[in-house]
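The values are calculated or read from the model by the stated rules, or taken from the named source; none is laboratory data. Keep in mind that this is a model prediction, so the values were computed, not measured. Backbone-built Cβ (ideal geometry, glycine too); neighbour counts: all protein chains shown. Side chains included, ligands, DNA and RNA excluded: accessible areas come from the protein's heavy atoms. Shrake-Rupley method; radii C 1.70, N 1.55, O 1.52, S 1.80 Å.
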Amino acid sequence: MNAPAATAIALTALAALMSAAPAGAAETPRYVAERGIDHIYGGGWEFFVGGGVAAFDCDGDGREDVYLAGGTRPAGLYRNVSVTGGAIRFVPAADTGTALDQVLGAYPLDIDGDGILDLAVLRLGENVLLKGLGNCRFARANEEWGYQGGAAWTTAFAASWTKQAAWPRLFFGNYVDREAPGAPFGTCADNRLWLPRAEGGYGEARLLKPSYCTLSALFSDWNRNGEPDLRLANDRQYYRGGQEQLWRLAANGTPRLYGRREGWRKLTIWGMGIASHDVTGDGYPDYFLTSMGDNKLRVLLKGPGKPVFGDQAHKRGLTAHRPYSGGDILPSTAWHAEFSDVNNDGHADLFIAKGNVEAMKGFAARDPNNLLLGREDASFAEAGPDAGLVTYARARGASLTDFNLDGLPDLLVVNRKRPVEVWRNVGLGSAQRPVPMGNWLQLKLSQPGGNRNAIGAWIEVRIGTRTLTHEVTVGGGHAGGHHGWVHFGTGTAERARVRVRWPDGKWGPWVRLYTNQFARLVRGEAVAQPWLPPEGREPKS
């Protein structure tokens with residue numbers, strides 16, 4: 001028997017062993033393909049990366065709309081006109097001020113604190129801050145806000161508020177310096193951190209050097225001390241002597257890298273995306289890092305005193321390093337990753353967008369996306385085939401969002417040179433007859449001041465003897481993120497207690513809620529504000 005055939009047989013046996021249902025195995029939801037979006041992310045080698053999606057409510061109806069990167073094609077804003085509890089549909093939004101070209105991705109956030117979400121748009125060339133005007137209309141705000149978009153190849157973004165600031169600090173992560181001698185290898189452009197002025201807007205940027213071709217960034221309070229630090233995922237394809245990075249940002253904005261003396265362990269991967277969740281249940285966030293080949297799950301090993309992170313991807317069943325379908329035995333290429341409880345059993349699951357860079361030899365050409373279901377023992381099992389999600393498009397960005405407001409997270413995937421895929425979660429049923437799974441809560445936060453949406457807060461949901469936690473952030477993923485309802489699956493629990501640690505570190509009271517509802521938590525109020533989804537209508541074709 002030749003070596004490839006023997007390898008294929010071994011992988012098949014391993015897959016069968018891993019897919020055997022253990023005690024407490026999670027039920028798999030069914031996803032059905034909906035009418036896709038006639039939008040394609042394309043372009044030359046500069047657009048091998050990127051292809052992100054920003055999911056957010058731009059018209060105030062509670063549904064998440066989407067802004068899609070287009071590469072050399074115009075980016076597109078699409079309104080969500082889905083039937084509540086039924087079919088998912090998007091329609092192009094006209095005259096919005098968002099039809100930029102050379103877009104790799106975008107992130108939604110309220111930069112100026114006016115209560116309307118804005119967009120940070122990442123481009124090959126000048127980045128653009130789009131000020132939200134309401135009703136899905138936007139206007140360029142670079143000059144008004146003192147932001148200089150530069151001319152770099154920008155592939156990552158993150159934002160956070162300090163406790164006193166009304167405006168956020170903005171991080172833009174850059175990729176290869178195309179103008180440097182010897183490009184592309186070893187020539188990463190400098191990353192930039194924009195700090196707000198006291199009166200609002202921005203001055204000059206600070207350079208975060210060394211920079212190692214960042215493809216994902218996330219401000220996260222890894223040790224829960226109330227001061228989020230900046231974690232970067234860097235692509236070793238192009239840097240020399242680099243590694244993954246964790247930056248400490250002092251109160252005055254001075255950045256400093258964590259080093260070996262403080263416990264930081266060097267890690268070099270093809271860092272492409274970051275997804276954060278407390279997988280281990282110790283109360284601190286863990287970080288799933290996508291790469292080419294095996295992916296990483298970085299967890300704290302010695303408590304919050306030092307950033308000593310080790311890897312538990314293999315232990316938890318999260319390496320996702322080879323295709324599980326399609327017959328290709330070469331290593332996978334992973335991009336966007338996102339945790340969400342897709343079956344509402346109280347245990348977070350993980351979606352990973354997969355796809356060859358273009359035609360890279362040595363890596364799988366047929367590389368389906370992963371849907372890894374969380375189990376009671378904090379391990380994960382592949383459910384992509386049973387969920388009906390097996391395709392072989394080259395995926396990039398994605399969003400796990402409840403687009404039709406039925407309590408089940410749906411899925412949108414941006415593909416390279418292929419139309420956007422939209423998948424509806426129908427639970428244990430079908431498109432014609434959905435069947436719910438488990439119980440759930442979806443929450444939004446609100447507080448006075450510039451940081452209206454409480455970025456940096458922690459939400460705790462108590463169900464029985466378990467506490468589910470979520471850190472509210474802007475960043476991570478691959479070239480795109482979500483800003484809207486925070487989804488919690490609660491399993492069999494019909495009631496829950498919820499509280500918030502607000503961004504300044506102060507705790508709100510415990511609030512009692514029935515599950516299977518949307519609710520707003522407003523700072524200073526002891527009860528939640530229930531919200532009812534709008535009645536949906538089947539849109540005209």
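Going residue by residue through the range 431-439, is there one that turns out to be open to solvent by less than 10 Å² (accessible area, probe 1.4 Å), aliphatic (A, V, I, L, M), touching a Lys or Arg at 6+ places or on another chain (Cβ under 8 Å) and more than 21 Å from Glu460 (Cα to Cα)? No, the conditions are met nowhere in the range 431-439.
In the range 391-413, how many residues are of a type in the set (Val, Ile, Thr) and either touching a His at 6+ places or on another chain (Cβ under 8 Å) or more than 16 Å from Gly52 (Cβ to Cβ) (or both)?
Total satisfying the criteria: 2.
Among the conditions (1) closer than 24 Å to Glu471 by Cβ; (2) in a strand (DSSP E or B); (3) out of contact with any Lys or Arg (no Cβ under 7 Å at 6 or more places or on another chain), Ala166 misses just one, which is (2).
Taking the range 186-232 as the range and being more than 22 Å from Arg140 (Cα to Cα) and among the hydroxyl-bearing types (Ser, Thr, Tyr) as the test, the residues that pass are Thr187, Ser211, Tyr212, Thr214, Ser216, Ser220.
Condition check ((1) touching a Gly at 6+ places or on another chain (Cβ under 7 Å); (2) modelled with pLDDT under 95; (3) open to solvent by 20 Å² or more (accessible area, probe 1.4 Å)) across all residues:
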| residue | (1), (2), (3) |
| --- | --- |
| Ala106 | yes, no, no |
| Gly132 | no, no, no |
| Gln148 | no, no, yes |
| Phe185 | no, yes, yes |
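Across the range 205-221, the number of residues qualifying as among the aromatic types (Phe, Trp, Tyr) and open to solvent by less than 10 Å² (accessible area, probe 1.4 Å) comes to 1. Of everything in the range 187-200 that's touching a residue at least 40 places away in the same chain (Cβ under 8 Å) and either of a type in the set (Val, Ile, Thr) or surrounded by fewer than 17 Cβ atoms within 10 Å (Cβ to Cβ) (or both), which residue is nearest to Gly450 (Cα to Cα)? Selected residue: Gly200.
Which members of the range 376-388 meet the condition of being closer than 27 Å to Tyr41 by Cα and open to solvent by 10 Å² or more (accessible area, probe 1.4 Å)? Listed by number, the residues that qualify are Pro385, Gly388.
Matching residues to (1) farther than 27 Å from Ala337 by Cα; (2) surrounded by 21 or more Cβ atoms within 10 Å (Cβ to Cβ):
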site	(1), (2)
Thr469	no, no
Gly477	no, yes
His482	no, yes
Asp504	yes, no
Asn516	no, no
Ala519	no, no
Glu525	yes, no
Ala528	yes, no
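Please work out if Thr98 is farther than 20 Å from Phe56 by Cα and either among the aliphatic types (A, V, I, L, M) or under 23 Å from the mean Cα position of the chain (by Cα) (or both). Criteria not met by Thr98.
Among the residues of the range 311-331, which ones are crowded, with 23+ Cβ neighbours inside 10 Å and more than 19 Å from Ser379 (Cβ to Cβ)? Spell out the reasoning first.
Initially, the range 311-331 is screened for residues crowded, with 23+ Cβ neighbours inside 10 Å, giving 318, 320, 323.
Of everything in the range 311-331, just one residue is crowded, with 23+ Cβ neighbours inside 10 Å and more than 19 Å from Ser379 (Cβ to Cβ), namely Pro323.
Take the conditions out of contact with any helix residue (DSSP H, G or I) (no Cβ under 8 Å at 6 or more places or on another chain), more than 30 Å from Arg501 (Cβ to Cβ) and either free of Cβ contacts under 8 Å to residues at least 60 places away in the same chain or open to solvent by 30 Å² or more (accessible area, probe 1.4 Å) (or both) and apply them to Tyr258. Does it pass? Against the criterion (out of contact with any helix residue (DSSP H, G or I) (no Cβ under 8 Å at 6 or more places or on another chain), more than 30 Å from Arg501 (Cβ to Cβ) and either free of Cβ contacts under 8 Å to residues at least 60 places away in the same chain or open to solvent by 30 Å² or more (accessible area, probe 1.4 Å) (or both)), Tyr258 does not qualify.
Working carefully through the options Val91, Val81, find the one that is of a type in the set (Val, Ile, Thr), surrounded by fewer than 16 Cβ atoms within 10 Å (Cβ to Cβ) and farther than 28 Å from Thr214 by Cβ. Working first, answer last.
On the way: Val81 fails: surrounded by fewer than 16 Cβ atoms within 10 Å (Cβ to Cβ).
Exactly one of Val91, Val81 is of a type in the set (Val, Ile, Thr), surrounded by fewer than 16 Cβ atoms within 10 Å (Cβ to Cβ) and farther than 28 Å from Thr214 by Cβ, namely Val91.
Of the numbered criteria (1) in contact with a Ser or Thr (Cβ under 8 Å, 6 or more places away or on another chain); (2) assigned to a loop (DSSP other than H, G, I, E, B); (3) over 15 Å from Asn369 (Cα atoms); (4) of a type outside the set (A, V, I, L, M), the one Gly305 fails is (1). Taking the numbered list (1) in a loop (DSSP other than H, G, I, E, B); (2) open to solvent by less than 30 Å² (accessible area, probe 1.4 Å) in turn, Ala99 passes all entries but (2). The set of residues in the range 340-375 that are open to solvent by 10 Å² or more (accessible area, probe 1.4 Å), among the basic types (Lys, Arg) and part of a strand (DSSP E or B) is empty. For the range 407-450, a residue qualifies if it is in a loop (DSSP other than H, G, I, E, B), touching a residue at least 12 places away in the same chain (Cβ under 8 Å) and over 23 Å from Asn370 (Cα atoms), and the qualifying residues are Gln447, Pro448, Gly449, Gly450. Residues that are in contact with a Leu (Cβ under 6 Å, 6 or more places away or on another chain) and open to solvent by 30 Å² or more (accessible area, probe 1.4 Å) within the range 38-78 comprise just one, Glu46. Among the residues of the range 271-310, those identified as in contact (Cβ under 8 Å) with a residue 40 or more places away in the chain and open to solvent by 30 Å² or more (accessible area, probe 1.4 Å) are Ser276, His277, Thr280, Gly281, Tyr284, Pro304, Gly305, Lys306. Report yes if some residue within the range 451-463 is more than 18 Å from the chain's Cα centre (by Cα) and in a loop (DSSP other than H, G, I, E, B); otherwise report no. Within the range 451-463, one or more residues are more than 18 Å from the chain's Cα centre (by Cα) and in a loop (DSSP other than H, G, I, E, B).
Selection of the range 225-253 for residues being surrounded by fewer than 16 Cβ atoms within 10 Å (Cβ to Cβ) and either under 24 Å from the mean Cα position of the chain (by Cα) or free of Cβ contacts under 8 Å to residues at least 40 places away in the same chain (or both) yields Asn225, Gly226, Gly241, Arg248, Ala250, Asn252.
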